[in-house]
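Presented below is the structure to which this report refers.
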Amino acid sequence: MTTKLHWQIEGQGSDLVLIHGWGMNGAVWQQILPLLTPYFRVHCVDLPGYGHSGGIDGASIEEMAHLLLEYSPSAATWVGWSLGGLVATQAALLAPERVSRLVTVASSPKFAADKATSWRGIQPQVLTDFQQQLSDDFRLTVERFMALQAMGSPTARQDIKLLKQAVLSRPQPNQAALSAGLTQLAEVDLRDQLVRIQQPWLRMYGRLDGLVPVKVAQELDELAPRSQRQVFASASHAPFISHPAEFTQALRLFLEQHDD
């Protein structure tokens with residue numbers, strides 16, 4: 001059992017923290033590391049309960065953000081994908097002096113759809129079904145989620161292959177962390193807090209994403225008017241997997257524009 005978060009640190013330059021999504025681990029960024037490490041000192045973390053951090057508990061988004069802040073650089077750009085975007089956003093709210101720039105990828109301040117506010121997102125029943133399937137066969141559940149993430153992408157088969165390779169290259173996530181993560185996706189709502197985010201913020205989306213509909217990007221233009229939006233026309237939920245060159249180019253351009 002590990003007591004410390006697992007970090008993979010490579011490259012040189014300003015600090016860049018990369019946070020993976022639900023069911024994954026830090027290896028998911030492996031494909032784009034060669035495109036980033038010549039310019040940045042990249043810190044890839046395995047979230048609590050995932051990969052080499054499998055022995056650490058971290059049930060809530062806030063707890064995970066606190067834990068990452070404890071072991072992260074004193075000031076860095078935080079890039080969070082999907083569930084990792086919630087963690088990065090929470091960290092930016094908790095410690096704005098530590099998160100100098102925020103980048104969220106295929107993420108939402110509220111993942112679950114909400115009829116009362118006409119908010120687009122994952123249907124709550126889908127998350128409930130995943131929670132039930134998790135107790136029956138958690139490996140199959142993660143694989144189904146991977147397929148859902150790639151759905152709509154022109155390179156879906158290749159995307160799923162790369163995601164699966166990343167997951168299998170490190171220890172399996174523990175079931176408690178997976179269950180807690182689904183609960184966070186179903187319940188967390190940071191929309192009202194977004195006005196507090198003052199640092200430069202880039203929101204990246206895939207136009208074909210079935211988990212975070214591109215409509216969310218338009219809603220957030222109003223909720224977070226200081227932020228910037230980037231939509232990849234041919235991407236689904238994992239643009240850094242399907243379009244690594246375009247993704248890293250957009251990321252670098254944003255960081256150059258807001259270079260301290």
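Across the chain, C-alpha contacts under 8 Å between residues 6 or more apart give a mean separation that, scaled by the residue count, equals a relative contact order of 21 percent. The distance separating the Cα centre of the stretch 1-57 from that of the stretch 103-129 comes to 25 Å. Packing around the peptides 13-25, 176-188, taken as the average count of other Cβ atoms within 10 Å per residue, puts them in this order, highest first: 13-25, 176-188.
How do the peptides 251-258, 88-95 rank, highest first, by the average count of neighbouring beta carbon atoms within 10 Å per residue? It would help to have the intermediate numbers written out before the result.
Values: 251-258: 15.8, 88-95: 22.1.
With the highest mean Cβ count within 10 Å placed first, the list reads 88-95, 251-258.
In the chain, helices alone account for a calculated mean residue ellipticity at 222 nm of -12000 deg cm²/dmol, with every DSSP H run of four or more residues adding -39,500 (n - 2.57). Within the same chain, lysines fewer than 8 places from K115 are excluded, and of the rest, those with a Cα less than 24 Å from its Cα are K215. Along the axis of the charge dipole computed for the stretch 147-205 (Cβ charges of +1 for Lys and Arg, -1 for Asp and Glu, origin at the Cα centre), the listed residues Q193, T183, Y205 are led at the positive end by Y205. In the chain, if the dipole is taken from +1 on Lys/Arg beta carbons and -1 on Asp/Glu beta carbons about the Cα centre, which of P73, P171, A147 is farthest to the positive end? The one lying farthest along the dipole's positive direction is A147.
Say R0 is 30 Å: what FRET efficiency, to the nearest 0.05, do E97 and T183 get from their beta-carbon distance? Please list the in-between numbers first.
Details: r = 30 Å, r/R0 = 0.99.
Using R0 = 30 Å, I get an efficiency of 0.50.
Assuming charge only on the beta carbon of Lys and Arg (+1) and of Asp and Glu (-1), the dipole of the stretch 1-154 about its Cα centre is about 380 debye to the nearest 20. Heavy-atom surface analysis with a 1.4 Å probe gives the chain a carbon and sulfur content of 49 percent of its accessible area. Averaged over its residues, the chain has an accessible area of 42 Å² per residue, based on protein heavy atoms and a 1.4 Å probe. So for the stretch 1-135, taking the charge dipole from beta-carbon charges (+1 Lys/Arg, -1 Asp/Glu), which of G51, T117, V28 sits furthest toward the positive end? Result: T117, furthest along the dipole toward the positive end.
Among DSSP bridges having both ends in the stretch 1-118, what percentage is antiparallel? Round to the nearest 5.
On the way: 6 of 22 bridges.
Taking every DSSP beta bridge within the stretch 1-118, about 25 percent pair in antiparallel fashion.
The phi torsions of the stretch 231-247, fed into the Karplus equation with coefficients 6.51, -1.76 and 1.60 and a -60° offset, translate into couplings of 10, 8, 4, 10, 9, 9, 7, 10, x, 6, 8, 7, 9, x, 5, 5, 4 Hz, rounded to whole numbers, with Gly and Pro shown as x. Taking 0.36 nm per residue of separation and subtracting the current Cα-Cα distance, fully stretching the chain between Y71 and K161 would add 29.3 nm.
In summary, the lysines within cross-link reach of K164, defined as a Cα separation below 27 angstrom excluding same-chain residues under 8 places away, comprise K4, K110.
The values are calculated or read from the model by the stated rules, or taken from the named source; none is laboratory data. Quick caveat: nothing in here was measured; it's all calculated off a predicted structure. Reconstructed Cβ throughout: ideal geometry from the backbone, glycine too, with neighbour counts over all protein chains shown. Remember, those area values only see protein heavy atoms, side chains included, never the ligands or the DNA or RNA. Shrake-Rupley method; radii C 1.70, N 1.55, O 1.52, S 1.80 Å.
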